[in-house]
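I have placed the structure first, in the form of structure tokens, so that the comments after it can refer back to it.
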Amino acid sequence: MSERLEDIAVAMVAKGKGILAADESSGTIKKRFDSINLTSTEDARRDYREMLFRADDAMKNYISGVILYDETLRQSARDGTRLADLIKATGSIPGIKVDAGAKSLAGFADETITEGLDGLRERLNEYYELGARFAKWRGVIAISDTLPTWGAVRQNAQALARYAALCQEAGIVPIVEPEILMDGVPGDHSIERCYEVTDLVLKTVFNELYDARVKLEGMILKPNMVIDGKNARKASVEQVAELTVRVLKANVPSAVPGIAFLSGGQSDVEATAHLSAMNAGYDMPWNLTFSYGRALQAAAIKAWGGKDENVPAAQAAFTHRARMNGLAATGAWTEAQEKNA
């Protein structure tokens, strides 16, 4: 595998492939395991991730990279193989979540700032030695009739840019993730309001990336789609696709190799349908693909249930969702394929 940032970034958004977000924090994975009545132990977390990474069809054909949590990057499979090496053996690229989560932003009610810049240079150097070749940092933007404030947008954009510059210094491709919350409070914003806020956020983020001298050819953007709030869903697949492409074309330089969307609270099939509509209907300068967590894993974790005998069924569920999204990343997904698979 090439070590050039530009080559790694291009491989991460290879046509027909996308990124598996398996970077759930200990608290988030516990909630996922609670849903199947499984205690979240280090071994259980290892077994679950190993099950996904050993799904050869999915990993080799539809997954270009895997975002890991700190614990997972350091773990080994039951047979002693490092999980990062399992990923590499499939031709996929190991990555790492490096932020410390969104915390309340002092002076800004109901808004957050993502922490984790302190000591990041040293952590990135260690992660590189452990095999990570890309990283992820998520800035969380609240949306309502009055939010976000300019101060919160600017501070989150500055943090994303500082993180991205540190990543590139360490030979690691940054995934820059400014997420406007579809399922925030109250979650009743219109798709037009989402467009306005996404436009502001992307403009600000790319201004800060430019000022921080981040090499656009060696990064990936992970944005939300332009979509109405979870408590006000009216927009059609075509409208989501049209407005999302419009805001990207208005703000994302063509030097960026690719855009890997977060699913952001959409259902599995919704996230797939929206991605496919964009790829099928529009000519764009970047590869558009997926970087999904729950939308790739929900069916798999339910089928697995924490039991070894269910691993084949869980891997089949994961492979199905990976294949559907792989088709969407080329604009070739259809509802008929979803139903007949």
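A few points about this structure:
- Among the residues listed as A77, A102, A109, the single one being over 29 Å from N287 (Cα atoms), out of contact with any helix residue (DSSP H, G or I) (no Cβ under 7 Å at 6 or more places or on another chain) and aliphatic (A, V, I, L, M): A109
- Residue in region 232-241 that is assigned to a loop (DSSP other than H, G, I, E, B), within 22 Å of D183 (Cα to Cα), of a type in the set (A, V, I, L, M, F, W, C) and open to solvent by less than 50 Å² (accessible area, probe 1.4 Å) present: yes
- Residues being under 24 Å from R213 (Cβ atoms) and part of a loop (DSSP other than H, G, I, E, B) - total across region 125-159: 2
- Filtered residue count, region 167-216, keeping only those that are more than 21 Å from P253 (Cα to Cα) and hydrophobic (A, V, I, L, M, F, W, C): 5
- Filter result for the condition that a residue is touching a Phe, Trp or Tyr at 6+ places or on another chain (Cβ under 6 Å) and of a type outside the set (G, A, S), over V214, V185, V173: V173
- Hits in region 188-218 (condition: closer than 23 Å to A295 by Cα and surrounded by 20 or more Cβ atoms within 10 Å (Cβ to Cβ)): H189, I191, C194, T198
- Those residues of region 219-231 which are touching a strand residue (DSSP E or B) at 6+ places or on another chain (Cβ under 7 Å) and either exposed (fewer than 15 other Cβ atoms within 10 Å of the Cβ) or in a loop (DSSP other than H, G, I, E, B) (or both), in sequence order: M219, K222, P223, N224, M225
A quick yes/no check of all residues on (1) under 30 Å from A159 (Cβ atoms); (2) not in a loop (DSSP other than H, G, I, E, B):
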residue	(1), (2)
I8	yes, yes
E24	yes, no
K31	yes, yes
T39	no, no
G65	yes, yes
E71	yes, yes
R78	no, no
A84	yes, yes
D99	yes, no
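- When residues of region 1-30 are limited to those that are at pLDDT 95 or above and open to solvent by 40 Å² or more (accessible area, probe 1.4 Å), the one farthest from G326 (Cα to Cα): K30
- When P178 is tested against (1) open to solvent by 40 Å² or more (accessible area, probe 1.4 Å); (2) under 14 Å from R138 (Cβ atoms), just one condition goes unmet, and that condition is (1).
- Flag if A341 is modelled with pLDDT under 95 and open to solvent by 10 Å² or more (accessible area, probe 1.4 Å): yes
- Answer residue from region 257-304, given it is of a type in the set (S, T, Y) and part of a helix (DSSP H, G or I) and is nearest to Q239 (Cα to Cα) among those: S276
- Qualifying positions in region 251-305 - of a type in the set (S, T, Y) and either surrounded by fewer than 24 Cβ atoms within 10 Å (Cβ to Cβ) or modelled with pLDDT of 95 or more (or both): S254, S267, T272, S276, Y282, T289, S291, Y292
- Residues in region 109-131 that are under 22 Å from Q158 (Cβ atoms) and hydrophobic (A, V, I, L, M, F, W, C) were compared, and the one that is surrounded by the most Cβ atoms within 10 Å (Cβ to Cβ) is L124.
Let's see how each residue does on (1) touching a residue at least 24 places away in the same chain (Cβ under 8 Å); (2) over 30 Å from N61 (Cβ atoms):
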{"site": "G80", "(1), (2)": "no, no"}
{"site": "S92", "(1), (2)": "yes, no"}
{"site": "I113", "(1), (2)": "yes, yes"}
{"site": "Y128", "(1), (2)": "yes, no"}
{"site": "R138", "(1), (2)": "yes, no"}
{"site": "T146", "(1), (2)": "no, yes"}
{"site": "G151", "(1), (2)": "yes, yes"}
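- Hey, L105 open to solvent by less than 50 Å² (accessible area, probe 1.4 Å), more than 18 Å from the chain's Cα centre (by Cα) and without any contact (Cβ under 8 Å) to a residue 60 or more places away in the chain or not: yes
The values are calculated or read from the model by the stated rules, or taken from the named source; none is laboratory data. None of the values given here were measured: they were computed from a predicted structure. Backbone-built Cβ (ideal geometry, glycine too); neighbour counts: all protein chains shown. Note: accessible area is taken over every heavy atom of the protein model, side chains too, but ligands, DNA and RNA are not part of it. Shrake-Rupley method; radii C 1.70, N 1.55, O 1.52, S 1.80 Å.
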